[in-house]
Amino acid sequence: MALLKSDTKNEPASPRGGKVKIDVGDGQLIPDRADGSILSAWNIAFFGALSLLVILPVVKPDPYLRIIRFIPDGVLVTFQVTVTSILFSVVIGLFTGLGRISRIAFINRLATVYVEVIRGIPLLVQLFYIYFALGGFLQLPPMASAITAMSICYGAYMGEIFRAGLQSVPRGQFEAALALGLSRRQAIRKVILPQTIRIILPPIGNEFIAMLKDSSLVSILAVSDLLRRAREYSSVTFQYFEAFTIVALVYLLLTLFFSRLVGMLEERMDTRGKK
Amino acid sequence: MAKNNNQPLPPTDNRVTIRNATKRFGSLEAVKNASLEVKPGEVVLIIGPSGSGKSTLLRSINRLENLSKGDIWIDQDSVTEQDSDIRKIREEVGMVFQNFHLFQHLSVTENITLAPMTVKKMSKADAVTEANRLLKRVGLLEKADVYPDQLSGGQQQRVAIARALAMNPKVMLFDEPTSALDPEMVKEVLDVMLDLAKEGMTMLVVSHEMGFARAAADKVVFMDEGQIVEIGTPEDIFDRPSSERTKKFLQHIL
């Protein structure tokens, strides 16, 4: 905590030559994130978790090294579920977002009902529903059920991101394209969507991180992801504290890594076109 | 919405014909029974207080607004007929907006070549050659590769004019083209418009630029509360307006 404090303190510049300094305004409303500093919140969390993950197996190899050897398969599965689901959910989200702004009443209603229904049902319930309730008809293997449920669920959220992105492009851009003789479809493809994607990349990155964490829910479907591997380990050894500590640290490292990636992407977007 | 298909076609020497145009937004009548004829090569300036329906009337000409009643033709082609090919008509009617509306994600050249390549299926090489010619014409050839947010307002508007001209339109619509500009940039845009007028482009301009009106306009249309109150030469309207409403308005802006 003491470390964090020194990170956010914001010392005013000292008045030059002892002259009276007149402060105009009361400083920044939101302090800089101080990302450049070595003691930034991100660095503390990331390298703290990383060093714990290195120190623990060295100091106490008995359970920790064995745990760390046991779970990497789970990391791969977690990645597989997350990456596949995000690809599907982006595609679903694109069409849902377009549907939400469609002038055709049927398509518009369909997309809206999809979003409202799916957003109103917890992901865990959707996972159960697809695997157990619909399992009788669909006969989907656990992995496919997990990816289907995650894609459908996050597709609804992505749909809202796409809708907001599409609507945030000023209406004048669309009118200018129409006035030049482009069809609605051409205007959306050539003028609106490219500008939408720049706007929605950061929120999509955030969804990716949320998805990475929510993918732990698929462990209930006998998919051997990170969390499931830890449960398998601890159910034999009864070393719950040790196993779940490692799992928490690995999740933390993964999400911090991706949040930094999203942040960098965001900065690149900001500077593009201002060479 | 129902259109009367039995309307007699306008005279063949009209470029733009507006007959009894009415546009309602809910209970508000933005344009009331407006009629106007524009011959090829004519420059028409539309003036009037804010909210008088000038922009709505202009935007109806390429159907960015759908009329509630009345008809508009470009030459002999109906704009207001719901089954007419509006994209074909929009290709022939260039439009310049108050806030430029350049495509922010495209460079200046790409802004200009987008429509010719997408709509007219022109090859990229031809489209770029044409874009360069137009950029030279508006004096911005050296800005061909920059993005809109690196340009001043006046430069953006000149690019917007070049973008509209790239479709080789028969008519150009200008919706308050200088209202969003800093005063020192108004002239560079008006100069481009003056050149266009001299070359015989048919133009409808919503603007209060008196200098431009006197130099280039064949007709000035005064609108108030959705109605066309008076149509005349710039001298008629500015120096000896016949209607009280026109006089009152001119006192405010002169």
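Every number here is computed from the coordinates shown, using simple stated rules; none is lab data. Since the structure is predicted, the reported quantities are computational estimates derived from the model, not experimental observations. Reconstructed Cβ throughout: ideal geometry from the backbone, glycine too, with neighbour counts over all protein chains shown.
Sort the range A:165-275 into rounded, prolate or oblate with this rule: let a ≥ b ≥ c be the square roots of the eigenvalues of the Cα gyration tensor; rounded if a/c is under 1.5, and if a/c is not under 1.5, prolate when a/b is larger than b/c, oblate otherwise. Here the range A:165-275 falls in the prolate category. Summing charges over neighbours of B:Arg24, with a neighbour being any other residue whose Cβ is under 11 Å away from its Cβ, gives +1 when K and R count +1 and D and E count -1. Of the residues B:Asn20, B:Ala34, B:Ser55, the one whose Cα sits farthest towards the positive end of the charge dipole of the range B:6-72 is B:Ser55 (charges of +1 on Lys and Arg Cβ, -1 on Asp and Glu Cβ, taken about the Cα centre). Each of A:Asp214, B:Asp195 has some number of other Cβ atoms within 10 Å of its Cβ, and from fewest to most they run B:Asp195, A:Asp214. Starting from the Cα gyration tensor of the protein assembly as shown, take the square roots of the eigenvalues, sort them a ≥ b ≥ c, and report rounded, prolate or oblate (rounded when a/c is under 1.5, otherwise prolate if a/b is larger than b/c, else oblate). Prolate. For chain B, the longest principal axis of the alpha carbon atoms and the long axis of helix B:153-165 meet at an angle near 80°. Since only A:Ile55, A:Gly172, A:Leu140 are under comparison, the one whose Cα sits farthest along the positive direction of the charge dipole of the range A:41-274, derived from C-beta charges on Lys, Arg, Asp and Glu, is A:Gly172.
For helix B:108-118, report the angle its Cα long axis makes with the longest principal axis of the Cα atoms of chain B; keep it between 0 and 90° and round to the nearest 10°. The angle comes out at about 70 degrees.
Projection of the Cα convex hull of the range B:151-224, averaged over all directions and equal to a quarter of that hull's surface, yields 5.1 nm². Put the Cα centre of the range B:107-186 next to the Cα centre of the range B:64-81 and the gap is 27 Å. Distance from the alpha carbon centroid of the range B:215-252 to that of the range A:217-256 works out to 79 angstrom. With the charge dipole of the range A:200-275 set up from +1 on Lys and Arg Cβ and -1 on Asp and Glu Cβ about the Cα centre, the Cα lying farthest toward the positive end among the listed residues A:Ser224, A:Ser234, A:Ser259 is that of A:Ser259.
In this Cβ point-charge picture (+1 for Lys and Arg, -1 for Asp and Glu), the protein assembly as shown has a dipole of about 900 debye about its Cα centre. Relative contact order of chain B, taken over Cα pairs closer than 8 Å and 6 or more residues apart, is 25 percent. To the nearest ten degrees, helix B:124-137 and the longest principal axis of the Cα atoms of chain B are 70 degrees apart. Each peptide in B:155-163, B:242-250, B:169-177 gets a packing score, the mean of other Cβ atoms within 10 Å over its residues, and the list from highest to lowest is B:155-163, B:169-177, B:242-250.
Each Lys and Arg contributes +1 and each Asp and Glu -1, all at the Cβ; summed about the Cα centre of the range A:94-172, the dipole is approximately 320 debye. Peptide A:188-198 is shielded by partner chain Cβ atoms: per residue, an average of 3 of them sit within 10 Å of its Cβ. Placing +1 on the Cβ of every Lys and Arg and -1 on the Cβ of every Asp and Glu, with no other charges, gives the range B:5-119 a dipole of roughly 440 debye about its Cα centre.
For the peptide B:80-92, the mean number of other protein chain Cβ atoms found within 10 angstrom of a residue's Cβ is 2. Does chain B come out rounded, prolate or oblate by the C-alpha gyration tensor, with a ≥ b ≥ c the root eigenvalues, rounded set by a/c under 1.5 and, if not, prolate when a/b is larger than b/c and oblate if not? In terms of gyration-tensor shape, oblate.
Considering only beta bridges that DSSP places wholly inside chain B, some 55 percent are antiparallel. Close Lys pairs in the range B:156-254, defined as Cα atoms under 19 Å apart and 8 or more places apart or on different chains, number 5.
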